Each structure stands twice: as C-alpha cells, then as structure tokens.
Amino acid sequence: MQMYKILIIEDEAPARKKLQRYIAQACNSFKIVKEIETVSDLKVLLSKTQDFDLIFSDIELRDGNVFEVYKDVILHCPIIFATAYNEFFINAFEANGIAYLLKPYSFEQFSNAWNKFIRLKGDSAPNYNELIGTINNFIKEGQENNVEYKDQFAIKSAKGIYFLKVDSIVCFQADQGIIFAFDETNKRHTMPQKVFNEIELLLDPKKFFKINRSEIVHRKFIDKLERYNKNILSVFLNSDRKILKTSQNKTSDFNSWLGI
C-alpha cells in the first residue's frame, strides 16, 4: 500500500487537528511531512523541496495570502484548499487545486475531495479535459451561489481606513503586482487584494467586465467605443478622458456583454 506524503498549510491549531483527524479516517497509510503556518515559511519550504503527494492549504495566513507564493512556483502535486473564504475559486484552480472546502466542512465533503485525489493519483493518464470541465463548472457554481458582490472596499491609508463605494469606481488596473481602482474624479486607490482575479469575483458581472488581463471597466462609465484595429476596441471612459483597449480574445465577449 502506498504511503501518501502530505503537507498541511494552516495557521489555526484546531483546523490542523481537524485535518489530521479526517485524513486518518480516510487513509490508512500517510505521513504528514510538514505543517506550515506562515507564507514566509511556505516560500522557504517550496524553494527547497516539493516531495509531497498532496497539499492541504488554507489561503489567508497570519502574514499574508498563499497565492503570493503559488503564483511564482511551478507546483508538482495537487492541492486541496480548506478555507473560510469563498472568493478564491479561480485562483485555487490556477494553482493545481483539485477541490475547495469551505469551512466549516463535513467529513463527507472532505471524503469527496480525498477520493478525487485518489482517483487522480491512481490514473496514469488522467482525463484533463474532464477535470478542467469539472473545475469550470465548480467555479461557475461558486460565483453564482456563494459569492456576495461587494458594494464597497475597505482601503488602508496613512491616516487610517476609508471605504470606497463600488458604484463610484470607473475601472480597475493591475500594474506590476499592485491593483488600483480609479474613481469618478480619476483618483487612484490602492486595493488590498493581491490577485487580479480576486477583484473580478467580487464584482457584479452585470456591471463590470474584464476587457483584458489587467483592466476591468464599469459599464455605466463607458462613454463610447472606437475600432482600434480589426480585433481590438478602444474603450473611452467618461472620467478624465481615460482610454483603455480590449484584448483580441475579449472583444467579442465584450460586445455581447454590451448587447451590440
């Protein structure tokens, strides 16, 4: 019988004990090779070894978000995410995620995730198209059923914390790992989120559209469109003459979203 080597990334002791208990119930042969509680320790560990069969990972740790590490590392084993946060579905499955357990999860939910790992581990030629389809469906369900769209964001500043109303945001832009929101006065606000896909999941898709890899626009602030070239549109926003461009693979969907 194969012994599975498991890494646990969790900063709360009760949550770690629950994982240990559920793993023991689901599997007779395993070894928890390491328990990590911080993003900094995770970064150091993954730079030295990835000798694991499976990772159980929380997302928000005491010193940051695990995707700060995962986005810079090529992972060689699957991850089962176990978290209290429901807005990271896309990020999770971009980082080798095969299941997403929302706390407090039951043993039945844990068992379903574990069995998915066993099936993938035992299949020498897994059907990745089927897996991707399952993941996409799960993400869609999560977006439709679990995510509550934001009506404001808490923004930290030197003077404290203030609240930025979503309805006043003209667009979002990602620049060198930092995400900015621009309001009606063209004032720039530094967002607390570190992963751009996080922002997209928190916004009402009827009001906001991601026109390229690094920009999201608010429908009500779109002033006009012009053809930039055959497959790209220039998007004029009625906020201090800001002009953005769609990516080629987004233009058609953007037109459909606008009903044109």
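The values are calculated or read from the model by the stated rules, or taken from the named source; none is laboratory data. What you see is a predicted model; the values in this text were computed from it and never measured. For neighbour counting, all protein chains shown are included, and Cβ atoms are generated from backbone atoms with ideal geometry for every residue, glycine included.
Taking the stretch 165-191, which residues are surrounded by fewer than 17 Cβ atoms within 10 Å (Cβ to Cβ), over 21 Å from the mean Cα position of the chain (by Cα) and of a type in the set (A, V, I, L, M, F, W, C)? Of everything in the stretch 165-191, nothing turns out to be surrounded by fewer than 17 Cβ atoms within 10 Å (Cβ to Cβ), over 21 Å from the mean Cα position of the chain (by Cα) and of a type in the set (A, V, I, L, M, F, W, C).
Among the residues of the stretch 24-35, those that are in a helix (DSSP H, G or I) and touching a residue at least 12 places away in the same chain (Cβ under 8 Å) comprise 25, 26.
Scanning the stretch 1-10 for residues that are under 24 Å from residue 67 (Cβ atoms) and either surrounded by 17 or more Cβ atoms within 10 Å (Cβ to Cβ) or free of Cβ contacts under 8 Å to residues at least 40 places away in the same chain (or both) yields 6, 7, 8, 9, 10.
Among the residues examined, residue 161 does not qualify as under 30 Å from residue 80 (Cβ atoms) and either touching a strand residue (DSSP E or B) at 6+ places or on another chain (Cβ under 7 Å) or modelled with pLDDT of 85 or more (or both).
Taking the criterion of being charged (D, E, K, R), outside any loop (DSSP other than H, G, I, E, B) and touching a helix residue (DSSP H, G or I) at 6+ places or on another chain (Cβ under 6 Å), the only residue of the stretch 36-67 that qualifies is 43. Quick one: is residue 107 among the aromatic types (Phe, Trp, Tyr), assigned by TED's automatic domain parsing to the domain that holds residue 19 and buried (at least 18 other Cβ atoms within 10 Å of the Cβ)? No, not satisfied. What are the residues in the stretch 232-260 that are among the aromatic types (Phe, Trp, Tyr) and either within 15 Å of residue 212 (Cβ to Cβ) or under 25 Å from the mean Cα position of the chain (by Cα) (or both), if any? The answer is 254, 257. In summary, residue 116 fulfils each of the numbered conditions (1) in contact with a strand residue (DSSP E or B) (Cβ under 6 Å, 6 or more places away or on another chain); (2) of a type outside the set (A, V, I, L, M); (3) buried (at least 17 other Cβ atoms within 10 Å of the Cβ) with the single exception of condition (3).
The residues of the stretch 27-47 that are farther than 26 Å from residue 64 by Cβ and either of a type in the set (Gly, Ala, Ser) or not assigned by TED's automatic domain parsing to the domain that holds residue 78 (or both) amount to a single one, 29. Of all the criteria given as (1) modelled with pLDDT of 95 or more; (2) of a type outside the set (Ser, Thr, Tyr); (3) crowded, with 17+ Cβ neighbours inside 10 Å, the one not satisfied by residue 59 is (1). Selection within the stretch 68-89: residues that are crowded, with 20+ Cβ neighbours inside 10 Å and not in a loop (DSSP other than H, G, I, E, B). The member of this set that is modelled with the lowest pLDDT is 89.
Any residue that is touching a Leu at 6+ places or on another chain (Cβ under 6 Å), at pLDDT 85 or above and in the same structural domain as residue 215 (by TED's automatic domain parsing) - is there at least one of those in the stretch 190-201? There is no residue in the stretch 190-201 that is touching a Leu at 6+ places or on another chain (Cβ under 6 Å), at pLDDT 85 or above and in the same structural domain as residue 215 (by TED's automatic domain parsing).
Among 15, 24, which is the only one that is among the aliphatic types (A, V, I, L, M), crowded, with 17+ Cβ neighbours inside 10 Å and in the same structural domain as residue 69 (by TED's automatic domain parsing)?
Step by step, each of 15, 24 is checked, and only 15 is among the aliphatic types (A, V, I, L, M), crowded, with 17+ Cβ neighbours inside 10 Å and in the same structural domain as residue 69 (by TED's automatic domain parsing).
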